[in-house]
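Asker: Take a look at this one; I'll ask things after.
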Amino acid sequence: MSSRPVVYVDTSALGAVLVDQPESPALLEWLDQTQAALVSSDLLETELRRVAVREGLDQADVTRVLDGVALAALDRAVHRSAGFLPMQYLRTLDALHLEAAMRLDASAVLTYDRRLGEAARAAGLDVIAPAG
């Protein structure tokens with residue numbers, strides 16, 4: 001019996017579910033077809049809820065998007081380790097996402113963020129970014 005692959009999702013990806021972007025149709029198709037277990041950190045919820053506030057979207061839509069993702073809390077060790085990641089180009093929140101992905105044993109990261117994608121590859125993770 002094989003287990004489902006674990007894919008870490010970041011805000012740049014699920015934000016494209018809430019706000020129409022050029023990659024949104026391909027992303028929605030990928031999400032509909034994937035057998036992967038989708039995981040993220042609680043940082044995703046904060047970031048998506050801020051997107052909804054900025055864009056004037058209904059928070060119920062954010063809740064529906066988050067229902068398909070298992071969220072993990074970030075503890076002090078994650079914050080500390082994220083600070084030590086060697087990628088100089090990696091921004092703080094992306095470092096937290098990457099550290100969380102590694103701790104959650106993700107095999108891939110679903111992201112449209114170039115820096116996070118580059119860092120995920122450097123850390124040995126696959127990057128998924130469906131495009132039309």
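Asker: Measure out, as a whole number of angstrom, how far apart the alpha-carbon centroids of the stretch 86-130 and the stretch 16-35 sit.
Answerer: Between the Cα centre of the stretch 86-130 and that of the stretch 16-35, the gap is 19 Å.
Asker: So if R0 is 22 Å, what FRET efficiency would GLN33 and ALA123 give, r being the distance between their Cβ atoms, rounded to the nearest 0.05?
Answerer: The value I calculate is 0.30.
Asker: For ALA77 and ARG4, what does the FRET efficiency come to when R0 = 30 Å and r is the distance between their Cβ atoms, rounded to the nearest 0.05?
Answerer: The pair ALA77/ARG4 has a calculated efficiency of 0.70.
Asker: Express the relative contact order of the stretch 70-118 as a whole percentage, based on alpha carbon pairs under 8 Å and six or more residues apart in sequence.
Answerer: Once normalised by length, the contact order is 34 percent.
Asker: Using +1 at the C-beta of Lys and Arg and -1 at the C-beta of Asp and Glu, which of LEU57, ALA16, LEU71 has the Cα lying farthest in the positive direction of the dipole of the chain?
Answerer: LEU71
Asker: How many percent of the accessible area of the chain is carbon or sulfur, using a 1.4 Å probe?
Answerer: Exposed carbon and sulfur together represent 50 percent of the surface.
Asker: In whole Hz, what ³J(HN,Hα) sequence does the stretch 97-110 give by Karplus (6.51, -1.76, 1.60; θ = phi - 60°), x for Gly and Pro?
Answerer: Here the 3J(HN,Hα) series is 4, 5, 4, 4, 4, 5, 5, 8, 6, 6, 8, 8, 10, 8 Hz.
Asker: Taking only protein heavy atoms into account and a 1.4 Å probe, give the accessible area per residue of the chain in Å².
Answerer: Counting only protein heavy atoms, the per-residue value for the chain is 56 Å².
Asker: Dipole magnitude of the chain about its Cα centre, charges +1 at Lys/Arg Cβ and -1 at Asp/Glu Cβ only, in debye to the nearest 20?
Answerer: Computed charge dipole of the chain: roughly 460 debye.
Asker: Would you mind finding the longest exposed-site-free stretch of the chain, with exposed chymotrypsin sites (Phe, Trp or Tyr not before Pro) meaning DSSP loop and at most 12 other Cβ atoms within 10 Å?
Answerer: Within the chain, the longest run free of exposed chymotrypsin sites (Phe, Trp or Tyr not before Pro) spans 1-83.
Asker: Within the stretch 116-132, what residues put their amide N at less than 16 Å from the label point 7 Å along the Cα-to-Cβ vector of TYR89?
Answerer: 116-125, 127
Asker: Would you grab the residues whose amide H sits under 5 Å from the one on ASP126? Only those 5+ places off in sequence or on another chain, please, with H modelled 1.01 Å from N.
Answerer: ALA108, VAL109
Asker: Now, a different point. Towards the positive end of the charge dipole of the chain, with charges on Cβ (+1 Lys, Arg; -1 Asp, Glu), say which of PRO86, ILE128, LEU44 has the farthest Cα.
Answerer: Among PRO86, ILE128, LEU44, the one farthest towards the positive end of the dipole of the chain is PRO86.
The values are calculated or read from the model by the stated rules, or taken from the named source; none is laboratory data. None of these values were measured; they are calculated from a predicted model. Because the Cβ atoms are built from the backbone with ideal geometry, glycine has one as well, and the counts that use them run over all protein chains shown. The protein model used for the area step is the full one, side chains on, heavy atoms only, and it has no ligands, DNA or RNA in it. Shrake-Rupley method; radii C 1.70, N 1.55, O 1.52, S 1.80 Å.
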